[in-house]
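Enquirer: Sending over a structure as structure tokens; questions will come in a sec.
The values are calculated or read from the model by the stated rules, or taken from the named source; none is laboratory data. Bear in mind that the values here come from a model prediction, so they are computed numbers and not experimental data. Neighbour counts are summed over all protein chains in view; Cβ atoms, including those assigned to glycine, are modelled from backbone coordinates with ideal geometry.
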Amino acid sequence: CLANISYERMNSRSMYMNKGLMNLMPSMTLWWFLLSSSNMAGPPSMNLMGEISLLNSLISWTWVSILVLMLLSF
């Protein structure tokens, strides 16, 4: 939805052309940030809760998975 609004305003999909939209519509910048952070499993999102519950179930399944998670983290 936000990508379509950007395209309709600027008639371009280029990020170089759309970077001036922050000056034109500052409220849309907030929505872009909130939706992008929730897509990356940011703190108040359902993605974060899903990843936490996935890790809890993986650890409760087998304790060896803790070693694999530690190796993947670093």
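Enquirer: Being more than 20 Å from the chain's Cα centre (by Cα) and either surrounded by 10 or more Cβ atoms within 10 Å (Cβ to Cβ) or among the basic types (Lys, Arg) (or both): is that true of residue 68 here?
Expert: Yes.
Enquirer: What do you reckon, is residue 12 free of Cβ contacts under 8 Å to residues at least 24 places away in the same chain and assigned to a helix (DSSP H, G or I)?
Expert: no
Enquirer: How many residues are modelled with pLDDT of 80 or more and of a type in the set (Val, Ile, Thr) when one looks only at region 1-33?
Expert: Summing the residues that are modelled with pLDDT of 80 or more and of a type in the set (Val, Ile, Thr) in region 1-33 gives 1.
Enquirer: Restricting to region 35-74, give me the number of residues that are more than 24 Å from residue 1 (Cα to Cα) and polar (S, T, N, Q).
Expert: Looking only at that region, the number is 7.
Enquirer: List every residue pair whose Cβ atoms lie under 8 Å apart, where the two residues are 6 or more positions apart in sequence or sit on different chains, the first residue falls within region 36-55 and is at positive phi, and the second residue, located anywhere, is acidic (Asp, Glu).
Expert: That search, which allows pairs on different chains as well, returns 41/51.
Enquirer: Considering only residues that are in a helix (DSSP H, G or I) and of a type in the set (Gly, Ala, Ser), look in region 34-56 and name the one that is modelled with the lowest pLDDT. Show your work before the answer.
Expert: Initial filter on region 34-56 (in a helix (DSSP H, G or I)): 34-39, 46-56.
Now narrow it down to the ones that are of a type in the set (Gly, Ala, Ser): 36-38, 50, 53.
Details: 36: 79, 37: 77, 38: 74, 50: 85, 53: 89.
So the residue we want is 38.
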